[in-house]
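Below is one structure, written out as structure tokens; the observations come after it.
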Amino acid sequence: MGESALTTIRTLGRQAAGPASLMLGTAVAATSAAAQTVAVNDSQVETVNVTAQRTSLDKLTEKVLNTPQSIDVVPLTVIQEQGTASLRDALKNVPGITLNSGEGGAHGDTVNLRGFSASDDFFLDGLRDTGFYDRDSFNDQAVEVYKGPASTLFGRGSTGGVINQVSKTPQLYPITDAEVTAGSNAELRETADFNRMLSDSSALRVNAMNETAHVAGRDFVRNRLWGLAPSIAFGIDEPTSFALSYYHEHEDNVPDFGIPFLFGKPAPVPHDSYYGLPSDDRWNADVDIVTGKFTHDFGSDLSITDKARYGHYRFDSPLTAPHYGDANCYTGSAPFAGGPVCTGAASDVPVTPIDPLFPIAGMPLDQILVQRDRPSADGLVTTLMNETDVTWKFATGPFAHTLVAGVEVDREELDLVRFQNQDDQIVATPLLDPDPHEAFPGHQTAVRSRPDTVGNTVGAYVVDTIQLAPQWSVVAAVREDRFNATYDEPVSGSHFDHTDWIVTPRAALVFKPSDTQSYYFSYGTSFNPSAENLSLSTRTVDLGPERDRTFELGAKQQWLGGMLSVTGALFDTEMTNARIADPLNPSLQALAGDLHVRGAEIGIAGNITANWEVLGGYTYLDGSSEGLFGAGVKGPIPNTAHNQANLWTTYDFDSGWKIGGGVNYMSRRAAFKDSTGVAHAPGYVTFDAMVSYPVTDNITLQLNGTNLFDRYYLTNIYYTSAAENHAVPGPGRTLSLTVAVSY
């Protein structure tokens with residue numbers, strides 16, 4: 001799947017041809033593999049051979065075909081065909097990814113990748129995107145997913161891989177595009193894409209978005225956001241260039257914390273059951289990101305790239321989630337046969353209106369009550385980072401080298417305010433008939449803690465690609481990081497400071513028997529410091545970083561004259577010192593756990609014919625853990641599906657009609673393991689479809705349907721105990737109509 005999509009297009013006669021040529025031309029260019037000239041509305045679109053494509057990362061200098069790593073790319077054409085509005089929806093095209101949920105400040109995009117948490121592994125144009133927010137896709141040219149550990153390339157994290165959004169950039173041709181989408185989920189979404197040349201080598205581009213939408217089947221959930229992304233570039237396609245971009249996104253959403261688990265599986269409640277308090281529940285976020293990029297090519301053998309970024313991510317989250325009470329007996333006669341009656345023992349916890357009985361076997365569903373958990377927080381994340389890469393091509397005897405050496409300097413700060421939980425002030429609600437309008441004391445203002453964490457990173461790295469022979473090459477890389485974190489909490493007076501020095505190597509051997517195929521064996525490593533997510537405590541301050549390694553054997557081939565890409569890989573990832581509760585002191589954590597994932601994946605992307613496009617993949621993950629659920633206890637890795645597959649395909653008729661359809665499959669996932677067994681979220685299959693038609697040279701209509709059979713399924717999972725957990729239902733059947741206009 002990795003070889004599709006990051007193509008650039010050169011349109012001839014672009015101004016005369018109008019918008020349909022741009023929209024269809026982009027779709028062809030993003031997936032067509034062969035170097036060919038395609039006629040679109042009497043205009044000519046020249047596409048670039050996909051075998052010549054490289055990723056957007058400066059550190060990876062080889063074609064994707066010859067890069068010894070699994071790389072999935074979701075191109076702009078697929079984002080447009082599927083009517084995708086968020087990064088989360090775009091990632092359903094990448095098997096091996098599952099979605100997490102959370103509480104308090106743990107909102108926004110949180111995912112598992114190949115079985116390991118990737119909540120801190122989001123990147124934007126190659127630089128870390130640290131903030132908590134729901135990333136929209138309105139400014140995405142593509143989404144790249146680099147699988148497997150690669151701290152050499154990205155610094156901390158990346159155990160299962162990283163996710164990189166590639167932004168739209170100024171181009172040397174005019175763009176005037178606008179889209180309006182109306183959906184059956186009360187969606188109204190408008191986007192605009194405007195690009196103008198300022199000179200022969202400079203251009204200005206502006207993308208904008210506004211959206212209001214509900215979620216089908218989840219009556220109280222609402223998404224309301226807008227965004228603006230201007231960028232300007234000078235020296236495009238010249239030896240010296242400079243680009244400056246700004247990204248703003250504002251969210252004002254009513255969030256969804258789903259339904260609770262019950263006796264090891266999601267509670268059997270209707271799809272629209274909502275346990276929040278929508279009159280007060282909000283997820284508010286304001287994101288501001290300024291990025292500058294300077295490049296200079298000294299000649300054919302030496303170049304330099306410098307990228308700098310300032311990020312400002314503010315969020316506010318008064319939230320309500322389901323939570324079971326702690327009571328274990330009734331003071332009066334039990335309301336159901338076998339119900340426990342208090343004996344007067346010190347261990348008795350009687351039922352109260354706000355603390356219901358913890359569900360026990362035999363308890364009728366209509367008598368189970370659910371607490372309202374209110375772990376609200378707000379905060380500010382600020383980042384300041386700079387990355388400088390020097391690329392040098394040289395030879396040592398018969399061996400040709402392409403060496404990238406770089407330095408990264410990064411400062412990230414999380415200033416957080418946690419409020420007192422109001423779960424002891426709100427009357428419990430029935431499991432089967434929750435009341436979203438229940439009285440409550442209003443937005444919490446009593447502060448529980450004010451932690452402020454600062455992380456400072458200095459990293460230096462070298463990546464050398466050595467051509468040993470026409471068919472053989474090796475990649476050798478090493479990076480050293482100094483990661484320092486300081487934590488201050490004025491309410492308790494706590495202060496912690498911790499520094500790690502970490503060296504991470506990487507190596508790979510690549511065999512290229514022809515221009516259309518490559519085979520590789522790679523070894524990669526990564527590290528996860530205790531303050532990776534900008535948080536420290538007495539439990540973690542003395543811990544070193546978690547470390548892991550991956551062995552991967554892979555193959556990549558181009559077929560049908562380069563139009564179609566097929567990839568496959570076998571991999572083995574193990575973290576032998578995962579953070580778990582210290583068996584000798586439960587108040588601390590220890591690096592004593594083991595997380596192990598063996599897996600296989602295949603992918604297909606490109607065109608079967610000039611008109612028939614396909615993007616699909618399958619991943620098998622066999623994950624196991626030891627110590628995660630107790631000292632010496634073996635179990636699963638939570639929220640990891642053994643089997644996951646996706647397929648998206650479209651056919652473009654010569655008459656202008658385009659039809660498409662897709663399927664997404666996920667097997668059941670373990671949510672947690674305790675003495676009673678393993679809690680699971682069931683597997684599911686969903687189907688999507690689209691049809692589009694250019695009604696004029698300037699207007700295209702597109703109809704999309706998602707979850708066509710209205711399957712009730714669960715996406716995000718959060719599970720810390722049998723009392724505190726939830727799973728978020730996916731959207732029900734949704735139809736949307738998009739009008740795209742381009743001049």
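Please treat every number below as a calculation from the coordinates, not as lab data. The shown structure was predicted, so the numbers you read here are calculated from the model rather than taken from an experiment. Glycine also receives a Cβ, built like all others from the backbone with ideal geometry; neighbour counts cover every protein chain displayed.
Report, ordered by chain and residue number, the aspartates and glutamates lying within cross-link reach of residue 512, taken as a straight Cα distance under 13 Å and ignoring same-chain residues fewer than 8 apart. The reachable aspartates and glutamates, counting only those whose Cα sits under 13 Å from residue 512, are 62.
Once you have the Kirkwood Rh of region 356-455 from its Cα pairs, apply Stokes-Einstein at 10 °C and 1.306 mPa s and quote D in µm²/s. Once the numbers are plugged in, D ends up at 83 µm²/s. Extension gain, residue 514-residue 471: 0.36 nm per intervening residue step, less the Cα-Cα distance, totals 14.7 nm. When you count the other C-beta atoms within 10 angstrom of each residue and take the mean per peptide, 538-544, 525-531, 334-340 line up highest first as 525-531, 538-544, 334-340.
Go ahead and collect, in residue order, the members of region 687-701 whose backbone nitrogen is under 19 Å from a label point 7 Å along the Cα-Cβ direction of residue 743. Output list for this probe position: 695-701. So if I take the centroid of the Cα atoms in region 159-206 and the same for region 356-423, what is the distance between those two points in Å? Distance between centres, Cα-based: 26 Å. Over all directions, the projected convex hull of the C-alpha atoms in region 528-611 averages 8.1 nm² in area. Do the alpha carbons of any pairs in 556/634; 307/556; 147/673; 147/634; 59/393 sit beyond 24 Å of each other, and which pairs? Correct reply: 556/634; 307/556; 147/673; 147/634.
Between 0 and 90 degrees, the angle of helix 19-31 with respect to the longest Cα principal axis of the chain falls at about 80 degrees.
Quick one: what does P(r) look like for region 189-232 with 5 Å bins over all Cα pairs, in whole %? For region 189-232, the pair-distance distribution reads 6, 19, 19, 14, 13, 10, 8, 5, 4, 2, 1. Working from Cα pairs under 8 Å separated by at least six residues, relative contact order for region 454-553 is 23 percent.
With all pairs of separate Cα atoms included, region 93-249 yields a Kirkwood hydrodynamic radius of 17.6 Å. The peptide list 375-384, 465-474, put in order of mean Cβ contacts within 10 Å with the highest first, becomes 375-384, 465-474.
Pairs of Cα atoms in region 622-742 fall into 5 Å distance bins, from 0 up to the last occupied one, in shares of 2, 10, 15, 15, 13, 10, 9, 8, 7, 5, 4, 2, 1, 0 percent. Each peptide in 412-419, 442-449, 354-361 gets a packing score, the mean of other Cβ atoms within 10 Å over its residues, and the list from highest to lowest is 412-419, 354-361, 442-449. Across region 317-323, rounded Karplus estimates of 3J(HN,Hα) from the backbone phi angles (6.51 cos²θ - 1.76 cosθ + 1.60, θ = phi - 60°) give 9, x, 10, 10, 9, x, 7 Hz, Gly and Pro being marked x. For the chain, the antiparallel share of DSSP beta bridges with both residues in that region comes to about 100%. Scan (1) 1.06; (2) 0.97; (3) 1.10 for the value of Cα Rg over 2.2 N^0.38 Å calculated from this model and give just the label. The value matching this structure is (2).
Backbone phi angles across region 699-713, fed through the Karplus curve with coefficients 6.51, -1.76 and 1.60 (θ = phi - 60°), yield HN-Hα couplings of 10, 10, 9, 9, 10, 10, x, 10, 6, 4, 9, 6, 6, 8, 9 Hz in residue order; Gly and Pro are listed as x. The orientation-averaged shadow of the Cα convex hull for region 448-535, equal to a quarter of the hull surface, comes to 7.7 nm². Relative contact order for region 445-509: what percent, with Cα pairs under 8 Å and sequence separation of 6 or more? RCO, region 445-509: 35 percent.
Counted over all Cα-Cα pairs of region 159-271, pairs farther apart than 16 Å make up 72 percent. Region 232-308: percent of C-alpha pairs farther apart than 15 Å? Cα-Cα pairs of region 232-308 separated by over 15 Å account for 73 percent.
Post the alpha-carbon centroid distance, region 637-680 to region 702-742, in whole angstrom. With region 637-680 and region 702-742 each reduced to a Cα centre, they are spaced 12 Å.
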